[in-house]
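First comes the structure, then the notes that go with it.
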Amino acid sequence: VINKAEETHPEKVLALHKKTSAYLHIVKNKGIKDWLFIPEKQSSLNYVNVFARVLCIVLAFPVYIRGLMGNIIPYLLTNYIVRKKVRVAEFKTSFRLGVGSLLFLIFYIMQFFIAKALVPNIWWALGIITSSLLTGYFCLYLSPFRKKTRGIYRTIQLRSTNPELFHKLVSNRKEIIELFKELM
C-alpha cells in the first residue's frame, strides 16, 4: 500500500513519514509506548490502576525472584550465544528458539540431578524442577506487565505535568492514523 502510495501521492507519504518520525521521537524520549495514546486506553490511565498493578507486582515478587533464580542462567547464555554467533537479524529468533530449547533442557536436567543429590527423595527433585518451569513461565508474563505499568505511570505523569504535550501527542497519533487511512 505504501509503495503504491509513494508513486501516486509522494507528498502525503512524506508528510506521514515526517509526522510519524516526530511523534515516535517524542514518545521514545519520554519512555512511553504508542498504545498508551489509543483513545480506548485513556480510561485505564489513572493512579488507582497503577496502584493495583504495583500491588500485584509486589505480591508476585517472591515468585518472580524464584523464577529468575531457576531460569536466568540459560536465558542469559542463550542471548549471549545468539548475539555473538548470529549476524543476520532474520535468523536470530530461530536460533534463539533452538539454542534456548537445548540449553534449558540441559539446565533442567542438571538442576534435577543436583536437587536429587541434595534432597531425600525423587519427588522433591521433581517438585524443584516443576517449580523452576512454572515460575519461569510466570516471569514471562510478569516482566511485560511490569514494563507496561511503568509506561502507564509515565503517561499519567506526562498528562498531569505537561497536559499540552500529552494532548498534542494524542492528536498527532490521530492525524497519523487519518493520513494512513487516506493512503489506503
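The values are calculated or read from the model by the stated rules, or taken from the named source; none is laboratory data. This one's a predicted model, so the numbers in the text were calculated from it and none came from an experiment. Note: ideal-geometry Cβ built from the backbone for every residue, glycine included; neighbour counts use all protein chains shown. Each accessible area value is taken on the protein alone, full model and side chains, heavy atoms only, with ligands, DNA and RNA left out. Shrake-Rupley method; radii C 1.70, N 1.55, O 1.52, S 1.80 Å.
The figures follow:
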{"item": "Residue match in segment 103-116 (condition: open to solvent by 70 Å² or more (accessible area, probe 1.4 Å) and either polar (S, T, N, Q) or under 30 Å from Thr155 (Cβ atoms) (or both))", "result": "no"}
{"item": "Number of the condition not met by Pro120 [criteria: (1) farther than 30 Å from Asp34 by Cβ; (2) surrounded by 11 or more Cβ atoms within 10 Å (Cβ to Cβ)]", "result": "(2)"}
{"item": "Among residues of segment 17-53, those that are of a type in the set (S, T, N, Q), over 21 Å from Leu179 (Cβ atoms), open to solvent by less than 60 Å² (accessible area, probe 1.4 Å) and part of a helix (DSSP H, G or I), counted", "result": "3"}
{"item": "Boolean, Lys147 is within 23 Å of Val48 (Cα to Cα), free of Cβ contacts under 8 Å to residues at least 40 places away in the same chain and open to solvent by 90 Å² or more (accessible area, probe 1.4 Å)", "result": "yes"}
{"item": "Residue within segment 58-79 that is at pLDDT below 90, assigned to a helix (DSSP H, G or I) and open to solvent by 60 Å² or more (accessible area, probe 1.4 Å) present", "result": "no"}
{"item": "Single match in Lys84, Lys116, Lys92 (criterion: more than 26 Å from the chain's Cα centre (by Cα) and in a helix (DSSP H, G or I))", "result": "Lys116"}
{"item": "Residues located in segment 160-184, provided they are assigned to a helix (DSSP H, G or I), open to solvent by 70 Å² or more (accessible area, probe 1.4 Å) and within 26 Å of His17 (Cα to Cα)", "result": "Glu164, His167, Lys168, Lys174, Glu175, Glu178, Phe180, Lys181, Glu182"}
{"item": "Neighbours by Cβ (under 9 Å, 6+ apart or cross-chain): first from segment 86-108, under 14 Å from Tyr75 (Cβ atoms); second outside any loop (DSSP other than H, G, I, E, B) and of a type in the set (Gly, Ala, Ser)", "result": "Phe104/Gly136; Phe107/Gly70; Phe107/Ser132; Tyr108/Gly70; Tyr108/Ser132"}
